[in-house]
Amino acid sequence: MSTHVLILAAGKGTRMKSARPKVLHHVAGAPMIDYVLATAAALGAATRTVVVGHGGDQLQAALAAQAGLRFVPQEPQLGTAHAVVQAAPLFAGLRGTLVLLSGDVPLLSVETLRALLARHEETGAAATVLTAVVDNPSGYGRIVRAGDEVLRIVEHRDASEAEREIREVNSGVYAFDLEPLFPALGQVASNNAQQEYYLPDLVAIYRRAGRRVSALATGRAEEILGINTRAELAAMSERVWQARRAALMASGVTLEDPATTYVDAGVTVGPDSVIRPGVSLQGRTTIGARAVIHSGVRIVDSALADDVTVLDHCVVVGARLADGSSIGPFAHLRPGSEICAGAKVGNFVELKKTRLGAGSKANHLAYLGDATIGEKVNIGAGTITCNYDGVSKNRTVIEDGVFIGSDTQLIAPVTIGAGAYVAAGSSITNDVPAGALGIARGRQENKEGWATLKKMQQKAEKKQ
Ligand code: UD1
Ligand code: CA
């Protein structure tokens, strides 16, 4: 018999006060539903389905790249039981287990989910609820027990004073036997504080029908925390960031100020690297050993090799930096930038789709776009590759050993041959052959005595 996963994500998330679907809000750098989808994928279920409603188009577009994911619309959103009912046609005639997850409970691990399934199978229950004992149960559904038996679940808003004292709460995660599920959901009523069809009401319905309901109380209470407000979102992110910081430090990376180091899930950093305060490492970034990443740097989807230095306040997106290269301060590497071994990019330099060869230098104030730059090239201050003619982007090729003087415009397409010099202040429109000097600027003319004469004239005018 197969296992299927259904994820509820149709709710409005009213308490977020957002135009964006709640499950797309980021927890530590990734949409909260990504965590749930990853756990569902790790479970290896036969199918994965998301119930979408509020902001459904936006959500579906955001999840379009997820292979094999199915979507079921819920319109209007009349509660969690109503949400599950929308998926009924997908499961008609199927037998097996439906694992129900909440899009707003991101920390649930696949181990806990497997334990829930094991309990479900062991006990042969019609429904098994994942619960936890928490310090602050406010807002959660409370588990009303008689000994080992779960009698019912009462929502916070509908609970009596005495029931609100219960600290064992519903995680919103369940395993259901598919066979009795959909007929029983038909019996859920909406006579409660929110006038909604509550999925947890199924517990009492099953008990009345003499069906078995079991529960697994996990000791890992933090895994079942749900997110309903921006404050909970921030607290959850902080938890996840902290865990990542701890793991990085344990692996041999120095974080000078862990509290202001933000590292996404997929990022790796090699040993003896040092990360100074206020650094964000995002997306699929990899950093080798002995790197030094100074303050105020953001690196996204980039690969940095060993012994790389990133000075303060650089933005690096979709770039590759080879061994021993160095950039910054205030450098901007845009997608397709490649800094080869030992090359150096200095302050206020922007690169895009440009390869800077081994040992080359662009130390000050330059724009290098759509350029292929060889080894041991010197790019003077104020150099600009004029790569865009208003219609298309053109390439600049600068071969090995070239010296580009300061304040040069290289009007692409153009090639500067190996070992050539380009004089400062040139506007280069034609290729410069290897070994030549390219000079393209107005000739200087000095007017002897011009300034002295002018001053004398001014004095004479004043005396009159
Ligand atoms: C729910 C549970 C509560 C549990 C808590 C755990 C109900 C009635 N209550 O409360 O017992 O302690 O989760 O976090 O189930 N959703 C839909 N369609 C709807 C309504 C909600 O898809 O019509 C989705 C939401 O997008 C969300 C999930 O279901 O992902 C839970 O909904 P939410 O409104 O957050 O329920 P809670 O009040 O947190
Ligand atoms: Ca919730």
Checked segment 307-362 against the a/c 1.5 cut and the a/b vs b/c comparison, axes a ≥ b ≥ c from its Cα gyration tensor; verdict rounded
Packing-wise, with mean Cβ within 10 Å as the measure, how do 297-310, 252-265 rank, highest first? 297-310, 252-265
Starting from the eigenvalues of the Cα gyration tensor, five times each then square-rooted, give me the equivalent ellipsoid semi-axes of segment 370-464, largest first, whole Å. 40, 16, 10
Quick note, segment 73-211: a/c under 1.5 would make it rounded; otherwise a/b > b/c is prolate and the rest oblate (a ≥ b ≥ c, C-alpha gyration tensor); here it is rounded
Along segment 324-329, what does the Karplus equation 6.51 cos²θ - 1.76 cosθ + 1.60 (θ = phi - 60°) give for ³J(HN,Hα), rounded to whole Hz, x for Gly and Pro? x, 7, 8, 9, x, x
Would you work out the relative contact order for the chain, in percent, from Cα pairs under 8 angstrom that are 6 or more residues apart? 8
Based on the Kirkwood radius over alpha-carbon pairs, what is the Stokes-Einstein translational diffusion coefficient of the chain at 4 °C with 1.567 mPa s viscosity, in µm²/s? 49
Fewest Cβ neighbours within 10 Å first, please rank 249, 16, 456, 236 accordingly. 456, 249, 16, 236
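Rounded if a/c is under 1.5, else prolate if a/b beats b/c, else oblate: with a ≥ b ≥ c from the C-alpha gyration tensor eigenvalues square-rooted, which is segment 401-442?
Here segment 401-442 falls in the oblate category.
Coordinate-derived values only; no laboratory data. No experiment lies behind these values; they were computed from the predicted model shown. Note that we place each Cβ from the backbone using ideal geometry, even for glycine, and neighbour counts take in every protein chain shown.
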